1. Can you work out which of the residues in the stretch B:103-120 that are among the aromatic types (Phe, Trp, Tyr) and either touching a residue at least 40 places away in the same chain (Cβ under 8 Å) or part of a loop (DSSP other than H, G, I, E, B) (or both) is nearest to B:Glu273 (Cα to Cα)?
2. Take residues that are acidic (Asp, Glu) and tell me which of the strands (runs of 3 or more DSSP E) falling wholly in the stretch B:121-198 contain 2 or more.
3. So which residues in the stretch B:263-298 are in contact (Cβ under 8 Å) with a residue 24 or more places away in the chain, farther than 21 Å from A:Gln109 by Cβ and buried (at least 19 other Cβ atoms within 10 Å of the Cβ)?
4. Tell me, yes or no, whether the stretch A:45-56 has at least one residue that is surrounded by 21 or more Cβ atoms within 10 Å (Cβ to Cβ), within 14 Å of chain B (Cβ to nearest Cβ) and touching a residue at least 40 places away in the same chain (Cβ under 8 Å).
5. Given the conditions (1) within 27 Å of B:Arg135 (Cβ to Cβ); (2) within 21 Å of the chain's Cα centre (by Cα), which single one is not true for B:Ser154?
6. Filter the stretch B:302-323 down to the residues that are in a loop (DSSP other than H, G, I, E, B) and under 22 Å from the mean Cα position of the chain (by Cα), then identify the one that is surrounded by the most Cβ atoms within 10 Å (Cβ to Cβ).
7. Restricting the search to the stretch A:180-191, which residues are assigned to a helix (DSSP H, G or I) and surrounded by 13 or more Cβ atoms within 10 Å (Cβ to Cβ)?
8. So if I check each of B:Asp99, B:Asp79, B:Asp51, which one is of a type outside the set (A, V, I, L, M), under 19 Å from the mean Cα position of the chain (by Cα) and at pLDDT below 90?
Amino acid sequence: MKLDRKTKANILRWTAHVVALLPLAIIIWRYYTGQLTADPIRDITLRTGWAAIVLLVASLACTPLNIVFGWKQVLPLRRPLGLYAFLYVSLHLLTFVYLDYGLVWGLIQEAIFDKRYALVGLAAFLILLPLALTSSKWSMRKLGKNWKRLHKWVYLAGVLAVVHYFWLVKNVYTQPIIFAVILGGLLLLRVSPVKQQVIRWRQAARKRLRVLTTS
Amino acid sequence: MLIKKRTGIEIPSSEITPEHLYHSRRQFMKGAAALSASALLAAACSPQAADVPRGSADSGDAADQAPGEVSTTTDELGDPLNDYDDVISYNNYYEFTTDKDTVAFMAEDFVTSPWQVEVGGMVRNPGVYDIEDLRTKFDQEERIYRLRCVEAWSMVIPWMGFPLSKLLAEVEPFPEATHVRFETIYDPEQLPGQKRGGFKWPYVEGLRLDEAQHDLAILATGLYGKELLPQNGAPVRLVVPWKYGFKSIKSIVKIELVDYQPTSLWMDAAPNEYGFYANVNPEVPHPRWSQATERRIGELGRRETLKFNGYEEQVAGLYAGEDLRENF
């Protein structure tokens, strides 16, 4: 059975929605079955943080996937993935200020300035906030050229998120290193000469493939 | 096993929370947790579902999950003991895994018998103690202590054990001995975390001799009126309640009297972050986070961290005239 382009796009879109909502569903399910460890606040913090960074990186991976493999279908996923990343960042921050610190501003202030990882995390949130607010088609039209300029800040948010991860772990750096390598690779693919070269390789490979299949 | 019941610090009985109040407080906490979490997550589930006891979905021997007897329900400050279930299911023990929630599972088959502890170094009577010797030779007493992790969470735990000073008195340190060095078992087959790089295994900790001789410093062999489980450091571990949890080394096989300051595993791994003393101190932040507050497991929100973890009266004298910021 051959699926038409529209059906394929729909399947992809719905899969993205389901996968992106899964971490939240797991948190809720684990909460009601008492499986958020002995320290549920910490567990919720870790789970929302992890979902946020994965989705942010996934959102940043769409364009490079198109560059390397020519998968145009993934481009429309940038917005929902980015918005879901923002949802988890917001839940993550809300857990920190509300569940963890009980909205006691004095303590929160102190915690943010004593914990340098909290400071970069907050910076990432403050960058993502205007991006989330201007994610609609209407804003895109309204902002015109400036929209792209504004949304380039997402790269910095990604870098800050990885730094945030690096600074909070206690001497076991495997996970943050994995994210740093992936993010580094994704950013590298956007550098113009690298991008052009990769596109040339892809087109050359496709041509060879076409020659092989037709001869 | 000879058991003498006694709390760490004598407290007037008027300060102990009556049991019905203690239970209603736990209920309130659960209710509060349910309320705020559901507000946060906007979960449209039935509220009474939150009353399902934690861990009920886990497998595990029912006998393992039940606590033994304890003499009281609070510490001397009136704060309730943490649930046995929490104490045995939420552990930092990197030799098994860095995932606190999985340590108990990973540690299930850890062999703690036979077990010997070598006590030596600069002492008149060095010796090898069988774990059973330690249990029978020294009166086991109950000590209710707060445990404050350097990661800024804490629990109240009823330990069973005996003062380290009693063991030290028996081996008779030479006058030249200034410090005590402790070592955890090295057995990468049983402790897969020891195959991981980044740390110089086995785990090493140390105390100044006068700290080690302080009555609050104990060697624990049990908790909640039962033998220690592997995830909590079985069969014998140190408990130094006025210091961050990582000082309280687990599964000890070697205790050595030395005339130098031992370098602990954490000092070696990150010298700018973990000092030799590691006294709980809200005024001295970790380089990357504040130590001013902590989260008591089982509670919402935060509470202020107490200097020397609330044992200032008993231990501050050990550090008279010392710069606690310098000696972190």
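The values are calculated or read from the model by the stated rules, or taken from the named source; none is laboratory data. What you see is a predicted model; the values in this text were computed from it and never measured. Ideal geometry is used to build each Cβ from the backbone, glycine not excepted, and the neighbour counts take in all protein chains shown.
1. The selected residue is B:Phe110.
2. Working: elements: B:127-130, B:140-148, B:153-163, B:179-184.
In the stretch B:121-198, B:140-148 are the strands (runs of 3 or more DSSP E) which contain 2 or more residues that are acidic (Asp, Glu).
3. B:Ser264, B:Leu265, B:Tyr274, B:Phe276, B:Tyr277, B:Ala278, B:Asn279, B:Val280, B:Arg296, B:Ile297, B:Gly298
4. Within the stretch A:45-56, one or more residues are surrounded by 21 or more Cβ atoms within 10 Å (Cβ to Cβ), within 14 Å of chain B (Cβ to nearest Cβ) and touching a residue at least 40 places away in the same chain (Cβ under 8 Å).
5. Only one criterion is unmet by B:Ser154, namely (1).
6. Filtering the stretch B:302-323 down to residues in a loop (DSSP other than H, G, I, E, B) leaves B:302, B:305-306, B:311, B:320-323.
Those left that are additionally under 22 Å from the mean Cα position of the chain (by Cα): B:302, B:305-306, B:311.
Working: B:Arg302: 21, B:Thr305: 20, B:Leu306: 18, B:Tyr311: 23.
Per the stated criteria, the residue is B:Tyr311.
7. So the first thing to find is which residues in the stretch A:180-191 are assigned to a helix (DSSP H, G or I), and the list is A:180-188.
Correct list: A:Ala180, A:Ile182, A:Leu183, A:Leu186, A:Leu187.
8. Details: B:Asp79 fails: at pLDDT below 90; B:Asp51 fails: under 19 Å from the mean Cα position of the chain (by Cα).
Only one candidate qualifies: B:Asp99.
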